[in-house]
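Worksheet: one structure, shown below.
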Amino acid sequence: GAGTDGDLYISQAVVFIEDAIQYRSINHRVDLNSLWLYRWYYSRIWQWILSLTITIILALAFIEKPSSLTVTSDVRYRLPAWNPPCGLTESIELLCFLVFMVDVSVKSYLIGWEEFWKNKWLMAYILTLIVSLTDWIVSLSFFCAEVVRIRRILRPFFLLQNSSMMKKTLKSINSTLPEMASVVLLLAVHLSLFTMFAMLLFARTKDGQQDKEWLVYFRNLPDSLTSLLVLLTTANNPDVMIPAYSKNRAYSIFFILFTVLGNLFLMNLLTAIIYNQFRGYLLKSVQSSLFRRRLGIRAAFEVLSSLKEAPANAQQSYVSIGALLQVLQKVEMDSRCKQAIVRSLKTYSCDQLSAAQFQKLFEELDKNGIKQHPPSPEYQSHFMQKMQFAFGHPYFGYLGNVVALANIISICVVLVMDADKRPSERDDFFLGAINCFFILYYLLEMLLKILAMGLKRYLSYPSNRFDGLLTVILLALEIATFAVYGFPHPGWRPEVMGLLSLWDMVRLVNMLIVFRFLRIIPNMKFMSLVVTTLLDLVKNLRAFAGILVVVFYAFAITGIMLFKGAVVPPGNTRPPFILREPICFKEKCDFMVLFGYLQDNIIYCLLYLLSVNLLCRWAKIYFVAWWLISSVIWVNLFVALLLENFIHKWDRRCHREPVSDIEYQRTVELMFRDVLEEPTEEELMEKLQQHPHLQLCR
């Protein structure tokens, strides 16, 4: 009946608007039962369960054999890691697989059979589950004693497929690869040519004493190529040229030319190309997200216009304000946006909304998140008004910065004076007295600011929350110190009581005081610009960080399988220099090993292991692949996003937008908002007509 159709249209509009808010595709089933299942699938409870499941299955690697998750990473002193019994982690895995099977089943049902065959991610999801379950069965059949577990390498896929932004970013990276490949090829040519030159320059001679360069770095083609590849990362500079430079200074020209051409030109050219191309592809991705949002809003308008509440002689489709208000009551969206839309609806004199008016209402979703600070309290007393003016003035904050700087300087002076003293000779009286004085000032400053601004306004500023939290922690630590060790006095060196010694307590207080000095950042405009850029970058970096976690995890698990047992833990009698290298690999390829290689520092591990024949020379492929993916590609992508964010903020600063009492929260979509193109009505209607499950009335 009409009532059932009305409920269906309202439910469809609710889901389409929620799809628009989250930039989701609207190509899913739209009957009542499917809509209920769809909203349940994207509810916080199920998404939380799914996220927890992904976290658990990824975390299993830290307790599965071979695991080195212990307090110390030194293989000489750490205790044996806990080895879970066979079946424990496998049972947890099975539960995770069951959750994933429910997830993929619901997804496949909701989009329909026709859309399923177009969705490569879902098919890859099912294939990953099949391979993982097969490998799980094989593992149990071998009583957990199998050498290789393929499913461990596949685990990061569950994280990747669950994030639409990560998939978009990965697609953008994949589209950028052809342009990057041209520069990487140029780097390979550069490396190959200089390798040949090096083998000719540093060829073996009759005088063995003069052949150190050939013997250590350029003995054959693989060694020569490896030495120059490492030099490209600057990890072995200047060691690689010292033997040749000692023989003849003119040899330095070769290494200077190689470094200038490789590092200063080609590597920076790669950064420029990645920035230019990736920004273009990311812009296309954001443009696609905008289209999805507009399409979802237009789909909601079309189904609401089917309620037939518009005048019979109307030539265009209209939606009644009452129907929209009914939808807004059920939609899960930000309260600020919902209130803004309701306020806009009250300004309309007509009870009907056209498609353009309907779309314009929901442009509120595209606006910046604005946080208005509460007003200051109004005091009647003339004395209190003067107090409010004095302690609410920016100069009072500047005075607090000067006092914080004086505190830092005093701590530095005391630390320099006590640097060479033994703990038994150190007098903690001066540091204790200084800390006591400054912490009392910080407490007084916080209370006076709350008096001037009011508690709500004071807490509305992040810098004040940061300052106030550290002040409270410092006060609590100081009270605890006095309660345990008494008040400061000359010769204040009591014995250890409780968990921390007096010196540990003082050091902790001083570290927090140094950390508190970051409060000066909001008062320095350029520094504040840099910090806000970094904070915005952290907010928008989840997709990049997620992809890096996926790559880290896959390479780490691969390293475990490739290099397990390659290095025997050395005894306590080995020289320190020799110990430094094998520790790099322990029993597994540690995450910290890959992180060090991300910074081009850990390559000495590779060189050492190869030099003593602990690893096959084909292992170079593993490390070079990781260097290309992490240090060359991902780091440059990070630089591209950092530049884009910083340039955008710099442009806003040059236009001098007022930000005094308002805080703007930006997202990746808003970074490109000025250059995005609005989709036309024809494009939206053409896409709606292609919807596999929605039949429009016109």
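The values are calculated or read from the model by the stated rules, or taken from the named source; none is laboratory data. Note that the structure is predicted; figures quoted are calculated from it, not measured. Cβ placement follows ideal geometry from the backbone for every residue including glycine, while neighbour counts extend to all protein chains displayed. Surface accessibility is based on the protein's heavy atoms, side chains included, excluding ligands, DNA and RNA. Shrake-Rupley method; radii C 1.70, N 1.55, O 1.52, S 1.80 Å.
The table below lists the values:
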read-out: Residue satisfying condition, being assigned to a helix (DSSP H, G or I), closer than 12 Å to Ile513 by Cβ and open to solvent by 40 Å² or more (accessible area, probe 1.4 Å), within set Ala406, Ala390; value: Ala406
read-out: Region 545-561, subset among the β-branched types (Val, Ile, Thr) and within 19 Å of the chain's Cα centre (by Cα), residue most open to solvent (accessible area, probe 1.4 Å); value: Val549
read-out: Tally of residues being surrounded by fewer than 18 Cβ atoms within 10 Å (Cβ to Cβ) and over 20 Å from Pro394 (Cβ atoms) across region 457-479; value: 6
read-out: Residue match in region 238-250 (condition: open to solvent by less than 20 Å² (accessible area, probe 1.4 Å) and among the hydroxyl-bearing types (Ser, Thr, Tyr)); value: no
read-out: Residues of region 240-280 satisfying the condition of being over 35 Å from the mean Cα position of the chain (by Cα) and of a type in the set (D, E, K, R); value: Lys247, Arg249
read-out: Residue match in region 260-276 (condition: in a helix (DSSP H, G or I), touching an Asp or Glu at 6+ places or on another chain (Cβ under 6 Å) and open to solvent by 40 Å² or more (accessible area, probe 1.4 Å)); value: yes
read-out: Sole residue being in a helix (DSSP H, G or I) and either in contact with a Ser or Thr (Cβ under 8 Å, 6 or more places away or on another chain) or without any contact (Cβ under 8 Å) to a residue 60 or more places away in the chain (or both), chosen from Tyr398, Tyr441; value: Tyr441
read-out: Residue list for region 105-121, restricted to those being touching a residue at least 24 places away in the same chain (Cβ under 8 Å) and within 31 Å of the chain's Cα centre (by Cα); value: Val106, Lys107, Leu110, Ile111, Trp121
read-out: Boolean, Thr233 is in contact (Cβ under 8 Å) with a residue 60 or more places away in the chain and closer than 23 Å to Lys620 by Cβ; value: yes
read-out: Region 447-456: number of residues that are buried (at least 20 other Cβ atoms within 10 Å of the Cβ) and within 11 Å of Gly400 (Cβ to Cβ); value: 1
read-out: Matching residues in region 207-222 - criterion: being under 14 Å from Phe197 (Cα atoms) and either open to solvent by less than 30 Å² (accessible area, probe 1.4 Å) or hydroxyl-bearing (Ser, Thr, Tyr) (or both); value: Glu213, Tyr217, Phe218
read-out: From the options Ser141, Ser132, Ser192, Ser163, residue that is modelled with pLDDT of 80 or more and buried (at least 20 other Cβ atoms within 10 Å of the Cβ); value: Ser132
read-out: Some residue of region 407-420 being modelled with pLDDT of 80 or more, among the small types (Gly, Ala, Ser) and closer than 24 Å to Gln372 by Cα; value: no
read-out: Residue match in region 341-356 (condition: assigned to a helix (DSSP H, G or I) and touching a residue at least 60 places away in the same chain (Cβ under 8 Å)); value: yes
read-out: When residues of region 500-516 are limited to those that are open to solvent by less than 50 Å² (accessible area, probe 1.4 Å) and at pLDDT 70 or above, the one nearest to Cys412 (Cα to Cα); value: Asn510
read-out: Conditions (1) open to solvent by 50 Å² or more (accessible area, probe 1.4 Å); (2) under 36 Å from the mean Cα position of the chain (by Cα); number of the one not met by His382; value: (2)
